[in-house]
1. Just to verify a result, which residue in segment 17-57, among those that are among the hydroxyl-bearing types (Ser, Thr, Tyr) and under 12 Å from residue 73 (Cα atoms), is farthest from the chain's Cα centre (by Cα)?
2. What pairs can you find where one residue is in segment 564-577 and in a strand (DSSP E or B), the other is open to solvent by 50 Å² or more (accessible area, probe 1.4 Å), and their Cβ atoms are less than 6 Å apart, with a gap of 6+ or different chains?
3. Does any residue in segment 667-691 that is in contact (Cβ under 8 Å) with a residue 40 or more places away in the chain come within less than 8 Å, Cβ to Cβ, of a residue that is surrounded by fewer than 24 Cβ atoms within 10 Å (Cβ to Cβ) and basic (Lys, Arg) six or more places away or on a different chain, and which pairs are these?
4. Would you pick out the residues in segment 721-730 that are open to solvent by less than 80 Å² (accessible area, probe 1.4 Å) and part of a helix (DSSP H, G or I)?
5. For segment 265-304, list the helices (runs of 4 or more DSSP H) that sit wholly inside it and hold at least 1 residues that are under 25 Å from residue 344 (Cβ atoms); which are they?
6. Give the residue, chosen from 451, 463, 477, that is modelled with pLDDT under 85 and open to solvent by 30 Å² or more (accessible area, probe 1.4 Å).
7. Tell me whether segment 323-332 contains one or more residues that are more than 46 Å from the chain's Cα centre (by Cα) and either open to solvent by 40 Å² or more (accessible area, probe 1.4 Å) or under 30 Å from residue 364 (Cα atoms) (or both).
8. Check 396, 389 and return the single one that is on the phi < 0 side of the Ramachandran plot, touching a Lys or Arg at 6+ places or on another chain (Cβ under 8 Å) and modelled with pLDDT under 80.
Amino acid sequence: MAKSPVVTGISPKEGPPGTRVTIRGEHLGINPNDLSSLKICDCECMLSAEWKSPNKIIARSGPGKGRGDIILVTKSGGVGTSTVQFRGYHETIGPLKESAVWVEEAPLNWGRQNSSVTIFQLDDPLGLSVEGDEKFPENELTELFPDGSGDLLSENFEPAWFLLEHHHGTSFDDLRVGLSYLKRKVDSQNEGQLSFLKDNVGSVMEQLDTLFTLKQNYEADFERNNETLFRVEEAINQSLKEATHLFHGVLTRREKAEATRNALAVMTRYKFLFQLPINIDRNIKNEDVDVIINDYARALNLFGKTEVAVFKKILEEVETKILNIRINLKSKLHQMPTTLKQQKKIIRNLVALNDNGDPGWEAIIHMKQFLIDKIKGSYQQFITEEQANETPNKNNRHPQNKHKRNISLSQQIEPQNVEPKKVLCIDEIATVISDYFPDLWKLGQNYFVGDLAVKPDCSHEMDFKEMILDIIVTVSDIYRTIMLPTTTTSSFSPVPIIWLPHCLKQIRSVFTVLMALDLPNEALNKISSVIFDLRLHCLNILFKQASEQIIQLKTTETWKLDYHSKQGTISQLPIDFYKIIMEAMNLAKEYVIRDERRETALVDNETAKNELQLLVHKCFWNFSQVLEQVGLNADTNCSSTTVMSLSGSSVTGFKLHNDLMWEQKLLITISNSQYTRNVMLLKFKKEFEDNGFPTIDVVVARAVELLENTESKLLETYIETKSDPLVGTIEPSMYVGSFEWDSPSLLDLREVRPYAKEIITNLIALHSEVQTIMPDLMYAVLSEIVVTISEEMSRLMNCVTHFSENGAMQARLDLMALTFTLSNYFTPNSKDFFCDATNAVPPLKSEDNEKYVLKCFEQFKTRMHLQIMCFLTPCPNDIETSII
């Protein structure tokens, strides 16, 4: 015995009574005669069952309701089982539901048919199985063939519709086999008529004999009685009337049913168009513009040229809604700010909705205007707030500036918590450019290359270039007005130095954004020029601020001293000067000198070089003036106690004085100048070169001249200050006690007179002061003072009218002592003056007197050995060390 049937699949899985169900499984019978029973949802469906193969059966569902199994009974396998269920349901028949009122008659099919074929199912004309293929969408078939049908019995039958509906998944080879099958079937039908006649020739002949007999009888009756024919005609007409009366209601219902079915078919076929206005409203609410565009394009393709009044009316309503959508989209396109992605989407939607304008160019115009308005709005807000605060700022300006003078550059550069209005305006403009300008540029580029789904108008290229330049020029002009007010007629003060690096950074960020967009050089040069001018302005401000701080050094001198073995004693003034210059240089290097990409190199620009040299020269000149003022007015800046550290010296803990004298401060100032000239200027030159600044050789050379002139003035003042009191005491000391050179009562010669020792003592004090503060000035100071002393001695000796012998001996001994002691600091002038003074003394009368003078001179050298040792510094001019 064969295996029992098993149902494993059905299609469809639900439906009303009469649904055509395809049953698949295993062991579903070996032939049509093997089927005994088929129940779907406990309803017998054997009448409509059509056996296809042991794995497939097609049947119509019965009136069963709800879910139920598909049970198949075969003679060979018995009662089967089912792994799937079918759900039956009943539909209410109404005016909008299709109902099968008439069953179309099947075409005459010659020959014997399979016993399983029923009036509910027609064989596939190609003899192919269509089970398992997905159903082709009916709405697409309606679009492709508006006036066609896939029904084989329809007058508008379209073969392509039939093939797409039933065989869209069939291979080409199978279609060729189906075509051969169809040809054989048609040929067999044509041949079947002739073979039918041949096979039934006897019956046909009998029918012909019967018709011939009927004709003879009818003719005989007609000859005997003509009324017979009329009675037959009346009977036929009466039969026609009765038939018409009998079937009138049925025919009327049929016509109504057909009209309803046709109306439903039209509604179904053109449901898309009738529901389009509602769908548009729903999609507008959901903001699904893409669906609206697709539906609109589909409606135009299908019904754009229709002459049907109903369709035209619906299309008019659709056009009204589309017009409102266009207006709404344009409104969104004009609203700013918006992203580039959103703009491109809106432009694409407008083009798809057949907008007559140029939405791409309109978007560019509105975005450009938005940028201009945004930039000018920020600037106008700054102007308004600046004008409102202008009066309070004027009242507080001088105290603030005065307070800032005592703040170092680095402290002023440190970020502050509260940004000024100018800086806020600069930040806002930079943000606007960074956020929105790239979208404008990219939108323009996409427009001209045709990426906006709209045909570009090449005549707008120059207009777009002018738009870009207009924005760049507006930004650069505003930046110049705010940050470089000296270049305009604006009465606003420039940006404070504490915010200049921040502002420069913001403008550089704008320049970086513009460079990334590959803008034309003409536009980039506008911002590059602003950056260059601002860098130059920052450089100017930094060194001007340094100059102002240098000027303030004269009020901050504390006279805290340091001793250097090579340079002498200096105060903190040169160190403070060095710190100020280096601080300005480091800030300039960090914010100004360093070149960003595609920026003008500041160190290669002649204007910048000249400006830097002038600024540095101004700093050096101010320092020379500070030195001069500090030296000449040192008495106004005395310190209560000043201790000199002797670093580098063998002496430690040496205390110069409780209070520095003015002359000592003057000498220290000269030492400061010389230290700056010999050490600091070389450091400045090296630092500037090592940090990438232009060379300052010319400035250093001029600074050396300035400092030398300052030293000369200060040294001249010092020498004059020291020499006048010293020389002024010589004559009174010489004639103290009513001394006369020709007095006969002059005591015997024993030693050098006190006035000469006083000269030596005073010079030793001066020597000590110079040696302590600045040893390198020793010869310059003492040599000039020795000239003054020698000149005074020459005058005094030449003024003596007569010398006694003892007086001549005394004068010669005094001159010898002074000449010997001060010989290392002789100059040609001082030597001449001492010679002149010696010549004014008459020669000694005896050799014994000369020997006695020499003896006294030797005693002087012995007694004054320690004092003489102070003046043993080698003479640079190799002047003779004695005059006898």
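The values are calculated or read from the model by the stated rules, or taken from the named source; none is laboratory data. Just so it is clear, the structure is predicted and the values come from calculations on it, not from any experiment. Note that each Cβ is placed from the backbone with ideal geometry, even for glycine, and that neighbours are counted across all protein chains shown. Please note that ligands, DNA and RNA were not included when accessible areas were found on the heavy atoms of the full protein model with its side chains. Shrake-Rupley method; radii C 1.70, N 1.55, O 1.52, S 1.80 Å.
1. 36
2. 564/648
3. Close Cβ pairs (under 8 Å, with a partner that is surrounded by fewer than 24 Cβ atoms within 10 Å (Cβ to Cβ) and basic (Lys, Arg)) amount to 691/589.
4. Correct list: 721, 722, 723, 725, 726, 727, 728, 730.
5. Helices (runs of 4 or more DSSP H) meeting the threshold: 276-285, 289-303.
6. 451
7. no
8. None of the others qualify; the one that does is 389.
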